[in-house]
Amino acid sequence: MPRRIRPPSARRLFRFVRRSPNDVRDDVQEEFAFHLEMRVGDLVGQGLTEAEARAQALREFGNQTAGADACVREGTTVERQRTVARLADELWQDASFGARLLRHSPAFATVAILTLAVAIGGNTAIFSVVNALALKPLPVRAPEEVVRIYTGESRTSWLNYQDIVRQSTVFADIAAHTGTTRALTLDDTTASMAGETTTSNYFTMLGVPAVLGRSYFPSDARADVIVLAERTWRTRFGSDPSIVGRTILVAGRSFEVVGVMPRGFRGARAPGFVSEFWVPIDPSQSRRLLEDRGRNTFEIVARLVPGVSTEQAHAATLVVGKRLAAEYPETASRLALSEVFRIDGIGGFRGMTKTLAPLFAFVGLMTIVAGLVLLVGCANIAGLLLGRGAARRREIGVRLALGAGRGRLIRQLLTESLLLALVGGVVGGVLALWLGGSINLLVSRLPVPIEFDLTLDRRMFVYTLALSLLTAVLCGLAPARSATRMTVVPALKLAVGEHDSRPERQRMRHWLVVGQVALSCALLLWAGLFARSLSNAHQVDLGFDPAGVVLAHLQFDDEVTRSGAIVPQLAELQTRISGLPGVQAQGLGKIVPLSFRGREETPMRTETDPLDQRGRMVLVNRVSPEWYQTLRIPLRAGRDFTGGDGVGAPRVVVVNETLARQFWNGNALGKRLDGAEVVGVVQDSKYWTLGEVSRPTVYTAYLQRPEAEVTVFVHTSDVAGTARGLRAEIARLYPTMVIDVQPMTEAVGAALVPAQVGAAATIGFGALGALLAMMGIYGLVAFTVAQRTREIGIRKAVGATTSEIVRLVTFGTAVPVAMGLVLGLGVGALGAFALGGFIVGVSPVDPLTLAATTVLVLGTTLAASTVPALRAARVDPLRALKAE
């Protein structure tokens, strides 16, 4: 007898009873043949010969082939509709039956749904950040047409911008914008706002109208108008609908509010960065800025002419840039390296990837951690379903005996898993929305305004649904296949409530426990490393000393800066500061190290670098004389800046040891960097993160190119008294300026935020993974006790003590726990080497963390196995033997 070939597993699983088109065609042909023979018989009865009768019948029936084809098409359509209806009916039956079973097992359903909700919710929350950073398009009209013009560096001058506008033909419109911080005065109180100064065509180029009032237009000649962000209107003005037309005081000047932009609009800024207002560039107050081709202040954003690709625009802009670089070699040489790229999605971070690399790496790490928690949750649910399937072996055996196919039963069991996953996905989605608010609350602690758009959208919905379906397959398929792989007769002989004791089922549960322990062990190891890093962060050598330093962040009016009046005003302020009690040193700086208050990075060339090369990327800070002494940064060679290094004097710079070593093998004095002479070398210090490797850093003389935003650093023996004195002196000299004074130790505390968030997230996920692993081990031991009830009863009947029974049961988990522990420590240690940028002052294979993780895992697994073991020790021997 030939062997029957079984269809593939997937076809058995999704196979439904239906007739194929060939079956339909055979039926039609048989029906035609029957009616034809009946007609032939009638004609023969009327006196015709059989040949004449058949010919007559064929003429009457006409074209049988065409008629058969029409019937086949109609029959196939009907059969398809019946199949779909039958599929829907069977799926509804499966879902209804599964829902009834879950309703009758509330404890199991609650544990499973909550486990999946936390696992899916954590993954969805992390995905919402990825979605906000990289997937959501720029909130403007036709975002695929909006590009950024990168002029060899992120910013360029006003004159370069105007030349690009005049000479470019591939852009429908080109706008310029730059970030600014200004003081808003309301009801005698002053608060700082972060916004943008833009060209008058900024909003029309982006194509986004205001939701209240209007934006300013290219035809507007006024410079005293302001457009507010919806967030500013809501939080600072209480969503006042009469705000349009109202005059407000910003940086000591009166501005008329002409409109409010829609919620979520951020202009052309990168995702997450917030603008609270927009004001037009005022040529009358920025004359010196606009006439200096070497002052790179503006970012350029443009809209492509319809039909022009980004590559074509890049080629055309490069031609214009090279032409301008040849015409102005001293101030516009970088235009020869111009680029054009889209800024929707991840393109919005172009030019900031190095700055934000720690953020992207951290999001990637959290994605991996959340994925591990999901796997632990799936293993836990798979263990629960495996035990549930073992308890239902008799039921499944009866179904098989009555003729149910194995694929049909697997589909039924998978439907139950899908119900759990979908409900868990819904609860997890709600949890993800709550976690999104917590994420924005955490980033609000940063000194720069950042807010992620974590609202639910189509991508998040699809992701959550897909994750729920994947979870249903991961945690349900193996238990469903195992539950239906049985011989019918032995299954029917099981008593009601008796468990399946097949060895392969026990092995599967053991491997699930191994996986849970391994993954939770890796998570706990990482959590321990983050916690240790957080505790060690306070002892990291920063390269400077923030203790005893008070910071005063100042934002001058543009006109004060452009006119040059800022230098004597700052000199006057420093003279007054020197008279404050306890002041020992003071200096000016643009960027506060480790505070996330700005980061400047630019390519620079030495005198030996080819002119056609971009140069090497270096970090830049602008500082004044005595800034190094104020922060106790040692001078290794050369000299500090002096009062003579001002506007009009030869350009000079000071470099750190890393730059001197990488560029000139340590001999940097007298060398030239981008045309400026190196006059000093200082010790390396932390710039952006606590865990960073020292990078080449250049310090330029602030007095040679003063900027409107500057920070005063004051080293004092009386922090509180100096802070009060600073506030008073600033308020006396600049009554309309926002007064932002704080100890430097608080500002540097922002560098701890990544470590704090990482520690909180990994500790939370690690604790959750350990809890799920405990549940898995508890389920394994409880299942083992249920299988060995008779054996335990016999042992107690012959004199076994309680301690011996407990050891017997708990030692059964020793092998899978030991395997999971070794595997988890190995995987966790390997993964820990990738955390080098996040953990500070601790080795990835830190012995204390490894030991603590081992003890914690062993302790939790012992606790999880003790409860069912004690329950087994209380088994009544007589009742156990009678039950068998």
(message) Show me the ranking of peptides 623-630, 108-115 by mean Cβ neighbours inside 10 Å, starting with the highest.
(response) 623-630, 108-115
(message) Under a Cβ-only charge scheme (Lys and Arg +1, Asp and Glu -1), can you give me the dipole magnitude of the range 219-337 about the Cα centre, in debye to the nearest 20?
(response) 220 debye
(message) Give me the dipole magnitude in Debye, nearest 20, for the range 217-260 about the Cα centre, with unit charges on the beta carbon: positive for Lys and Arg, negative for Asp and Glu.
(response) 160 debye
(message) Please list the three semi-axes, largest first and in whole Å, of the ellipsoid equivalent to the range 150-226, using sqrt of 5 times the eigenvalues of its alpha carbon gyration tensor.
(response) 27, 17, 11
(message) Taking only the Cα atoms of the range 582-735, how large is their convex hull per residue, in Å³?
(response) 132 Å³
(request) Find out how many positive minus negative residues lie around Leu48, taking Lys and Arg as positive, Asp and Glu as negative, among other residues whose Cβ is under 10 Å from that of Leu48. (result) -2
(message) Could you give each residue of the range 690-697 its phi-based ³J(HN,Hα) in whole Hz, using Karplus coefficients 6.51, -1.76, 1.60 with θ = phi - 60°, and x for Gly or Pro?
(response) 5, x, 6, 7, 3, 10, x, 10
(message) Could you give each residue of the range 864-871 its phi-based ³J(HN,Hα) in whole Hz, using Karplus coefficients 6.51, -1.76, 1.60 with θ = phi - 60°, and x for Gly or Pro?
(response) 5, 8, 6, 4, x, 5, 5, 5
(message) Per residue, how much accessible surface does the range 648-711 expose to a 1.4 Å probe? Answer in Å², no decimals.
(response) 38 Å²
(request) Return the aspartates and glutamates within reach of Lys796: Cα separation strictly under 17 angstrom, same-chain partners fewer than 8 residues apart disregarded; answer none if there are no such residues. (result) Glu804, Asp876, Glu884
(message) If I model a spin label at Leu542 and Gln569 as a point 7 Å from the Cα along the Cα→Cβ vector, what separation in nanometres do I get?
(response) 2.8 nm
(message) Give me a comma-separated list of calculated 3J(HN,Hα) values for the range 459-469, in order, Karplus coefficients 6.51, -1.76, 1.60 applied at θ = phi - 60°, integers in Hz, x for any Gly or Pro.
(response) 5, 5, 5, 5, 4, 5, 5, 5, 5, 5, 5
(request) If a/c stays under 1.5 just call it rounded; otherwise compare a/b with b/c (prolate if a/b is bigger, oblate if not). Do that for the range 39-193, with a ≥ b ≥ c from the square roots of the Cα gyration tensor eigenvalues. (result) oblate
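The values are calculated or read from the model by the stated rules, or taken from the named source; none is laboratory data. Every value quoted in this text rests on a predicted model; they were computed, and no experiment measured them. Here the Cβ is made from the backbone with ideal geometry for all residues, glycine too, and neighbour counts use every protein chain on show. Only protein heavy atoms, including side chains, enter the accessible area calculation; ligands, DNA and RNA are left aside. Shrake-Rupley method; radii C 1.70, N 1.55, O 1.52, S 1.80 Å.
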